[in-house]
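Input: a single structure, listed below in structure tokens.
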Amino acid sequence: MFLSGSFDSTIKAWDTNTLTVAGLFEFEDKVYTLAMSRIATSHTLVAAGTGEPKVRLCDMRTGRATHTLTGHREAVWALAWDPRNEFLLVSGSADRSIRLWDIRRSASCLMTFDQHNEQFDTMQQEAAHAPRPTAYSQTNNSSSSSSSSSSSSSLSSNSASVSSKVSSVASAHNGAVSALKFTPDGRYLLSSGTDNRMHLWDVATGRNTLISYSGIVNQTQKASTICLSGNGRLVYHPCGPHIHAYDLLTGDMVARLNGHFDKVTSLAFQPHTQHMYSGGNDNQILVWNPKMDAPVPQQTYTRTEKEGDHVTLDEKGIEAAAPLEDRDYWSDEDNV
């Protein structure tokens with residue numbers, strides 16, 4: 001079974017055996033994105049982002065919408081489930097914000113992401129002006145009371161910490177948030193926006209790592225996709241008709257893949273076969289194939305449709321052919 005969402009305001013669940021529609025969810029506005037948790041065992045929820053400023057959660061078992069997550073001010077373009085926790089969901093919106101949700105809570109929003117990390121500056125200033133703890137008491141009763149008070153204070157502090165991370169004005173990008181992607185270990189979140197920026201976030205704290213990924217081009221008017229290599233060390237981002245590969249932790253662009261003749265709109269990586277799939281407005285789906293007979297630890301990516309030039313990546317994913325320039329991965333036959 002697989003799912004599809006459309007601008008006809010529906011999400012359809014397809015039976016792959018009969019190639020027929022097995023389930024249908026209808027909405028009041030066009031569907032920009034959808035996501036389903038890969039690790040969920042206690043729910044079968046599909047998160048849907050539409051032209052409305054809210055996230056809709058639909059239950060595959062009942063065929064009905066069960067939850068609505070409100071807080072965004074414009075259309076929701078991007079969604080991603082946490083790969084370690086089946087109840088945590090992130091959403092990105094045309095209102096420039098990214099929100100982290102716990103779908104079990106009544107006040108579901110746990111955090112809004114701030115590209116300038118201003119919330120951390122505020123928390124540090126508040127901590128600096130907080131009263132210092134009183135002297136330790138010698139008596140058991142006082143000790144017990146102090147312990148209880150300390151525990152209560154800690155809970156209050158945690159509650160305040162959570163609430164201080166939810167802001168209605170914090171912006172993750174200076175444009176619409178069009179793509180979200182967790183790293184395989186769930187520690188980091190990648191986001192891409194129409195401000196031609198990609199950010200790497202520490203999920204535990206919500207802090208922007210401030211790594212710079214240069215050369216990003218993202219002028220989409222709808223949801224887009226980014227993907228990671230199997231080991232999570234390379235991030236692939238569509239940039240016009242090209243695909244840029246970046247080192248996740250340094251931001252260095254290590255390769256540029258050419259092959260499409262128009263804007264690349266979607267990417268997917270298959271970790272088991274190490275294949276990457278790309279789709280574009282040139283009406284093509286390309287399969288980027290690792291050359292299995294390349295000497296270890298080198299790894300070669302080439303278009304499977306043509307036996308032409310290829311790019312060789314070393315074990316870190318860095319391009320072996322020296323200069324970084326535009327490359328044409330079509331064979332010479334296409335130029336005849």
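Every number here is computed from the coordinates shown, using simple stated rules; none is lab data. None of the values given here were measured: they were computed from a predicted structure. Counting neighbours? That spans all protein chains shown, and the Cβs are built from the backbone with ideal geometry, glycine included.
So for segment 218-297, what are the equivalent ellipsoid semi-axes in whole Å, largest first, each being the square root of 5 times an eigenvalue of the Cα gyration tensor? The partial results should precede the final answer.
Details: eigenvalues 89, 47, 25 Å².
Value: 21, 15, 11 Å, ordered largest first.
Normalising by the residue count of segment 181-258, find the relative contact order in percent from Cα pairs under 8 Å and 6+ residues apart. Provide the component values of the computation, followed by the final result.
Working: 146 pairs, mean separation 16.2, N = 78.
Once divided by the residue count of segment 181-258, the mean separation gives 21 percent.
Modelled spin-label separation between residue 8 and residue 284, with each label point placed 7 Å from Cα along the Cα-to-Cβ direction: 2.9 nm. The label point for residue 29 and the one for residue 169, both projected 7 Å from the Cα toward the Cβ, are 2.4 nm apart.
Taking 20 °C and 1.002 mPa s as the conditions, I'd like the Stokes-Einstein D for segment 176-226 in µm²/s, using the Kirkwood hydrodynamic radius from alpha carbon pairs. Intermediate results must be reported in sequence, preceding the final value.
On the way: Rh = 11.3 Å.
So the translational diffusion coefficient is about 190 µm²/s.
Considering only DSSP beta bridges with both partners in segment 46-113, what is the antiparallel share in %, to the nearest 5? So the antiparallel bridges in segment 46-113 amount to around 100 percent.
Quick check on segment 1-94: what does the Kirkwood estimate of hydrodynamic radius come out to from the alpha carbon pairs, in Å? Walk me through the intermediate numbers first.
On the way: mean 1/r = 0.0748 Å⁻¹.
Result for segment 1-94, one decimal place: 13.4 Å.
Students often get this wrong, so check it: of 30/165; 54/263; 181/222; 222/263, which have C-alpha atoms separated by over 24 Å?
Details: 30/165 30 Å; 54/263 28 Å; 181/222 16 Å; 222/263 13 Å.
Pairs exceeding the cut-off: 30/165; 54/263.
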